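Data block below; observations after.
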Amino acid sequence: MPSRRRLMILGLDGAVPDFVFEAYAKDLPNLTRLREQGLWGRLRSTHPPITVPAWSVMFTSKNPGKLGITGFRNLTRGTYDGQWIAFSDRVKEPRLWDLVGREGRDVIVHGVPQTYPPRPVRGCLTTCFLTPSRDRPWTWPLDLAEEIEAHLGRPYQFDVENYRREDKASLVEDIRAQSRLHYDTAEFLLSSKPWDLFIEVDMGTDRMHHGLWKLCDPQHRQFPGPNPLQHAILDYYKEADARVGRLLQLAGPDTIVLVVSDHGGKRMDGAINLNDWLVEEGYLVLKEPVTGTTPFDPSLVDWSRTKAWCLGGYYGRLFINKMGREPEGIVTEGEYEGLRSELIARISAIPDDQGRKLDTRVVRPEDVYTGPHVQDAPDLLVYFGDLHWRAHQGLGNASLWSHETEIGPDDATHDWDGVFILHDPARPGRGRELKGLDLRDVTPIALELLGLPIPNDLEGRSLSTLLTSVSP
């Protein structure tokens, strides 16, 4: 095999294995061809299975306990209100493109989450959907921004505005327009810049899931019946597959191709108002009762009588008001583990709105994380209903269950498994399925394919290891 190869990594945020490998396979000729001629499998995500931190876990091969990042927004432990957003400067570990650049290889990094603000790379980079505006630096080198917009003939944008909206027809058109802009830029970079490693992430799949799932899935409790947008998600996958085909042509037949997603997706059945439950059960005490649905605010809490509180999202982040850590902590060291066990048992028993048992998992961070930042994680991670249910943090809701998010309509949640497809012209795989793939395997696999050294501190496994020890 030639010593110097090129690798293209195509990311589809939230792409669903059941769609790519089964339900939509016949409509996705490019992805299906890569799978049938290569290696493929379900790619297990991280805790929690959300865009941030998942892409950074993938491209550092380090778990969130080493990264110190467990979501878009993170709470500084020892505070009640010290939330911060996980921009690129919070990722202290080298990512795949840093490792490749150190070996003298050129990289193109396009739209990968947690790349804003831009940091120097050996090659070029465009930042991600966390970029606040075009008025901020969003490329490396900095003048690449002008070059891209001159080529496009229109302003660049980083995400679909207000993808949680009720006007679904306009949302579909906006997602498709954003996708075309993203792939047009990818084609420009691919054809005009030198590269040994090309990485891009399309956020459109994720946005389609969150915005359109209830219109496309008869199993969704809000499915309206036959409707003009019933095939909108399939249509988007087909369009993305066609753009993937164009990128493959530009890359050439000898290029190694890896298609990945950071997590999967599934319908959302609702949300559990966890802070309301904590209030009802006496774990969270407010200074005064709230009137009507009220956003959670630490200033509303009587911390001198509060044992636990929650921050919400696709999973629940439960924090214990521990003495000696939080400013007004009341839970002693001796009480801490007993309280965690009690909360695990009681939260796991919360039913759905029909009184049915939910497949809920409540996780201690030290059971899934390693590294110096385990102590910075929430005290418990809560996954309601096998991820079909979110956790809400708002107070004063009409009941324990809601069917909208706190920031607008949302049809889908995330799932544990994403997609993995590897096509190497020098290693025809004949459609072989790999079992037990993990997000952290992607970076050592990529380094091995490029013939580069794999650092000893990476947590994932190389392809040669996987082929001998994981697959049947």
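Coordinate-derived values only; no laboratory data. Owing to the predicted nature of the structure, the values given are computational and were not obtained by experimental measurement. Because the Cβ atoms are built from the backbone with ideal geometry, glycine has one as well, and the counts that use them run over all protein chains shown.
Some points to look at:
- The charge dipole of the chain, taken about the Cα centre with unit charges on the Cβ atoms of Lys, Arg (+1) and Asp, Glu (-1), comes to about 1120 debye, rounded to the nearest 20.
- For G418, residues with placed amide H under 5 Å, excluding near neighbours: L43, R44, S45, G264
- The chain: relative contact order in percent, alpha carbon pairs under 8 Å with at least 6 residues between: 28 percent
- Neighbourhood net charge (13 Å Cβ-Cβ; Lys/Arg +1, Asp/Glu -1) for L212: -2
- Other-chain or far-sequence residues with amide H under 5 Å of I9's (modelled H): F198, I199, E200, L258
- A full extension of the chain between E173 and T468 corresponds to an added length of 101.6 nm, given 0.36 nm per residue minus the alpha carbon distance.
- q = 0.07 Å⁻¹, the chain: log10 I(q)/I(0) [Debye, one scatterer per Cα]: -0.37
- Simple label model, 7 Å out from Cα along Cβ direction - N162 to H231, nm: 3.0 nm
- Helix 51-60 axis, angle to the chain major axis (alpha carbon atoms, nearest 10°): 50 degrees
- Each residue, R356 and R221, gets one label point 7 Å from its Cα in the Cβ direction; the gap between the two is 0.9 nm.
- The range 270-409: radius of gyration over Cα atoms, expressed as a fraction of 2.2 N^0.38 Å: 1.01
- The separation of the range 139-163 from the range 179-227, counted between C-alpha centres, amounts to 17 Å.
- If the chain linking A349 and D81 were pulled fully straight, counting 0.36 nm for each residue of separation and taking away their Cα-Cα distance, it would gain 93.6 nm.
- Euclidean distance of C-alpha centroids, the range 421-464 and the range 263-312, integer Å: 42 Å
- In Hz, Karplus ³J(HN,Hα) per residue of the range 26-33 (6.51, -1.76, 1.60; θ = phi - 60°; x = Gly, Pro): 5, 9, 10, x, 6, 5, 5, 4
- For H47, H263, H388, order by how many other beta-carbon atoms lie within 10 Å, fewest first: H388, H47, H263
- Taking other Cβ atoms within 10 Å as a rough exposure proxy, F129, F198 sort from fewest to most as F129, F198.
- Positive-pole candidate from A345, N273, P409, dipole of the range 270-409, charges at beta carbon: A345
- Most simply put, the range 270-409 has about 75% antiparallel DSSP beta bridges, counting only bridges with both residues inside it.
- Exposure proxy shown here: for I69, I407, I85, the number of other Cβ atoms within 10 Å sets the order, fewest to most, as I407, I85, I69.
- Selected from I50, P228, V257, residue furthest toward positive end of dipole (the chain; charges at beta carbon): V257
- Total charge dipole magnitude, the range 270-409, about the Cα centre, Cβ charges on Lys, Arg, Asp, Glu only, Debye to nearest 20: 120 debye
- Contour excess over end-to-end distance, with Cα ends at Q37 and V368 and 0.36 nm allotted per residue: 115.7 nm
- Percent antiparallel among DSSP beta bridges (both partners in the chain, rounded to 5): 55 percent
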